[in-house]
Amino acid sequence: MVENSGLKRCTVCKKYKMLDHFHNNRTNRDGLADACKPCNNVLKYSGKRSVFIVEIDGQEIECKKCNTCDEVKPLHKFHSNGTNSGKYSRRGSCGQCENRKKTERKWKSMAMKKALIAANTTKS
């Protein structure tokens, strides 16, 4: 929400800041982002902390916690998100959960198609 004094309140740090401390965002009524630039940077790069190192049998292995099953798994179990390269460019869910979700979407889609076909054939 933009105040008349040229200030806007950041939704993250809850501080009132000058309008030039906010990125542009055409989807918001005021045309500005909800979070200020410093808070936006923290939010943007906070995912980098999701990768950590675990020592197993004397070996250091980079791991990540799956957003879906909440299990800590080695980084190679996570698919690439396709945007960048490196350890921070991994999907939030492990490959096993991603595959399960993909299969569920496929079956739901097939069930919807069958239901639509059945509904259309019974109308005739």
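Overview of results
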read-out	value
Residue pairs meeting the criteria (Cβ under 9 Å; at least 6 apart or on separate chains; first not assigned by TED's automatic domain parsing to the domain that holds P38, in the range 11-27; second modelled with pLDDT of 95 or more and not in a helix (DSSP H, G or I))	none
Selected residue [hydrophobic (A, V, I, L, M, F, W, C), at pLDDT 85 or above and closer than 24 Å to K44 by Cβ] from C69, C63	C63
Qualifying residue in the range 96-116 (condition: closer than 30 Å to C10 by Cβ, surrounded by 13 or more Cβ atoms within 10 Å (Cβ to Cβ) and at pLDDT 85 or above)	no
Positions within the range 48-80 being under 23 Å from N99 (Cα atoms) and outside the structural domain of N99 (by TED's automatic domain parsing), in sequence order	S50, V51
Filter result (farther than 27 Å from S89 by Cα and in a loop (DSSP other than H, G, I, E, B)) within the range 14-25	K14, K15
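One line per residue, one yes/no per condition, for (1) among the aromatic types (F, W, Y); (2) assigned to a helix (DSSP H, G or I):
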site: T11; (1), (2): no, no
site: D34; (1), (2): no, no
site: K44; (1), (2): no, yes
site: F52; (1), (2): yes, no
site: E55; (1), (2): no, no
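The values are calculated or read from the model by the stated rules, or taken from the named source; none is laboratory data. All values derive from a computational prediction rather than experimental measurement. Note that we place each Cβ from the backbone using ideal geometry, even for glycine, and neighbour counts take in every protein chain shown.
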